[in-house]
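Since every read-out is calculated from the coordinates, none of them should be taken as a lab result. Note that the structure is predicted; figures quoted are calculated from it, not measured. Note that each Cβ is placed from the backbone with ideal geometry, even for glycine, and that neighbours are counted across all protein chains shown.
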Amino acid sequence: MFFAETLGEASGADQAEDSPHGTIAVELAFEGEPSGSMCLRLTADAAREIAADFLGMEGAEISINQISEVVRELANMICGSVLSRVESAATFRLGVPRIVTAGEECAASLWNTCYRVQLSHGRLTVKIGAGTTECPQPAQPAY
Amino acid sequence: MAYRVLIVDDSPAMRTFVRRVIDMSGFEMSSCFEASNGGEALDLLRHEWVDAILTDINMPEMDGQEFLRRLSEDEILRSIPAIVISTDATTHRIAVMTSLGARGYVTKPFLPETLRAELERTLGVPCG
């Protein structure tokens, strides 16, 4: 669905790419059994590449707002997909994906799972923590 | 035959993407309409006929559940097949949306051929 090429699991050695600088991150809380939160972080080039692929545009044409929207949608899909597999017979509720501003870390500190994927133009990191965060009560819950 | 399709999603990026995937899939679409929530979709359906509806669940003002409920209460609009596109693939959510009248359900992420197959199934397009 996202047409970015993946080059396999990335090494965890280069922690610099997981820092808030030069990356875009989205935090998404979820409620269910268990509750928790997910943090998706992409290097800036990877985010632009994915947004361009998603929208069928050239990378140079993509605005920051479009990149943010696509990254939020990507976070929503990854989290929903993971939870649907884990809790296929249960119900869960996703919060509204929130862009983590530059220099800010994702709030949850106890990550149970961390997965890094190397893309042709950067890196994607997903961290999921369960049982540490309550889902906020957004006006419109995401499914 | 080419079909008229309505995409209901509050995300402009997602609407663009769904439209793009339909084009990529080879599904024959003559017109594509867009609405950002259920209420906007109902307004559009008062003056535009469509052959199929693709709807998200979570949307501001009127979400997908309420939208399907309103469609099912309308003697004319209830005949339009609605397909839900959602990240939520839990059996509970699928059962709820199906009970409200959804004829199809596509979970994100999905492939172009998956969306095409679901559109053709709900529209009764002959195979091949």
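Peptide B:80-91 is shielded by partner chain Cβ atoms: per residue, an average of 5 of them sit within 10 Å of its Cβ. The distance between label points at A:Tyr115 and B:Ser79 comes to 4.5 nm (points 7 Å beyond Cα on the Cα→Cβ vector). Rg/Rh, computed from the Cα trace of the stretch B:12-128 with Rh as the Kirkwood radius, has the value 0.92. Can you compute log10 of I(q)/I(0) for the stretch B:9-80 with the Debye formula, treating each Cα as one identical point scatterer, at q = 0.12 Å⁻¹? Each listed q maps to, in turn, -0.32.
Computed from point charges on the beta carbon alone (+1 for Lys and Arg, -1 for Asp and Glu), the dipole magnitude for chain B about its Cα centre is near 320 Debye. Only helical runs count toward this figure. For chain B, summing -39,500 (n - 2.57) over DSSP H runs of n ≥ 4 and dividing by all residues gives -12500 deg cm²/dmol at 222 nm. Across peptide B:8-16, the average count of Cβ atoms from other chains found within 10 Å of a residue's Cβ is 4. Once the chain from B:Arg4 to B:Val125 is taken as fully extended at 0.36 nm per residue, the excess over their C-alpha distance is 42.2 nm. Taking every residue in B:57-63 and counting other chain Cβ atoms within 10 Å of its Cβ, the average works out to 3. What FRET efficiency do you get for B:Met24 and A:Thr91 if R0 is 35 Å and r is their Cβ-Cβ distance, rounded to the nearest 0.05? FRET efficiency, B:Met24 to A:Thr91: 0.60.
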